[in-house]
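Colleague: Next up is a structure, given as structure tokens.
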Amino acid sequence: SASACDKKASRMEGKQMSPEQQMVLLASLQAKTFIQLYITIADTQRENLWHFYRKNSVLIWNGIPVSADKIQRTFKSLPGTKHHIDSLDAQPIIRDLKKKHFALVVTTSGRVAYGTGKPVRFHQSFVIERNPDVPNDPTKFYILSHNFRNRKDPPRNRRR
């Protein structure tokens, strides 16, 4: 199914866009690229996930705050994963429209299987910003804030 980001892009394609609309489209495209890269690394090279975070990053994992210095250990402690994204959306947080400097709020949900277990639903949100270590590359982001939660499916009605 098409993500909200894909739908935004197709609605704006071929139209004259205002600077604000351009920022929304750019945010959608950057969010999609970011999530694809993040999930690929989470599923195949988890030991490298910490590169997305900085000393000022915040991670909330299933309601438990994880300090920046413990993020790498937290991810290493998880079994292997396989993610499937069902939805993705992005919203720019505009800091300076003329300089095109903005952060993004990225939300995504889907299913993740841990080890050989059955997939469980999850929801996560990120606030990502341009990485100040590479100021001339507008495609490089780091995670300022990340909130991840596994979701339990509601119980099904049982017929007697």
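The values are calculated or read from the model by the stated rules, or taken from the named source; none is laboratory data. Please read these numbers as outputs of a predicted model, since none were measured by experiment. Glycine also receives a Cβ, built like all others from the backbone with ideal geometry; neighbour counts cover every protein chain displayed. Only protein heavy atoms, including side chains, enter the accessible area calculation; ligands, DNA and RNA are left aside. Shrake-Rupley method; radii C 1.70, N 1.55, O 1.52, S 1.80 Å.
Colleague: Report every pair of residues separated by at least 6 positions or lying on different chains whose Cβ atoms are under 9 Å apart, first residue within segment 136-155 and modelled with pLDDT of 85 or more, second assigned to a loop (DSSP other than H, G, I, E, B) and surrounded by 12 or more Cβ atoms within 10 Å (Cβ to Cβ).
Modeller: Listed pairs, sorted by first residue: F141/N131; Y142/N131.
Colleague: Another question about this same structure. When residues of segment 28-50 are filtered for being open to solvent by less than 60 Å² (accessible area, probe 1.4 Å) and of a type in the set (D, E), how many remain?
Modeller: Qualifying residue count, segment 28-50: 1.
Colleague: Does any residue in segment 101-127 that is among the β-branched types (V, I, T) come within less than 9 Å, Cβ to Cβ, of a residue that is surrounded by fewer than 14 Cβ atoms within 10 Å (Cβ to Cβ) and not in a strand (DSSP E or B) six or more places away or on a different chain, and which pairs are these?
Modeller: Sorted first by the residue in segment 101-127, then by its partner, the pairs are T116/P79; T116/G80; V120/K152; V120/D153.
Colleague: Moving on. Which of the numbered conditions does R54 fail, given that it passes all the others? Conditions: (1) among the charged types (D, E, K, R); (2) over 17 Å from the mean Cα position of the chain (by Cα); (3) closer than 25 Å to A27 by Cβ.
Modeller: (2)
Colleague: Being among the charged types (D, E, K, R) and modelled with pLDDT under 90 is the filter; apply it to segment 12-45 and report the residue that is farthest from A103 (Cα to Cα).
Modeller: This residue is K15.
Colleague: If you go through segment 104-134 one residue at a time, how many are within 18 Å of L88 (Cβ to Cβ) and part of a strand (DSSP E or B)?
Modeller: 17
Colleague: Could we say that D69 is in contact with a strand residue (DSSP E or B) (Cβ under 9 Å, 6 or more places away or on another chain), in a helix (DSSP H, G or I), at pLDDT 95 or above and not polar (S, T, N, Q) here?
Modeller: The answer is no for D69.
Colleague: If you don't mind, there's one more thing I want to ask. Has segment 95-102 got at least one residue that is at pLDDT below 75, charged (D, E, K, R), outside any loop (DSSP other than H, G, I, E, B) and surrounded by fewer than 16 Cβ atoms within 10 Å (Cβ to Cβ)?
Modeller: yes
Colleague: Might you check whether a residue that is in contact with a strand residue (DSSP E or B) (Cβ under 9 Å, 6 or more places away or on another chain), at pLDDT 90 or above and aromatic (F, W, Y) occurs anywhere in segment 108-123?
Modeller: Within segment 108-123, one or more residues are in contact with a strand residue (DSSP E or B) (Cβ under 9 Å, 6 or more places away or on another chain), at pLDDT 90 or above and aromatic (F, W, Y).
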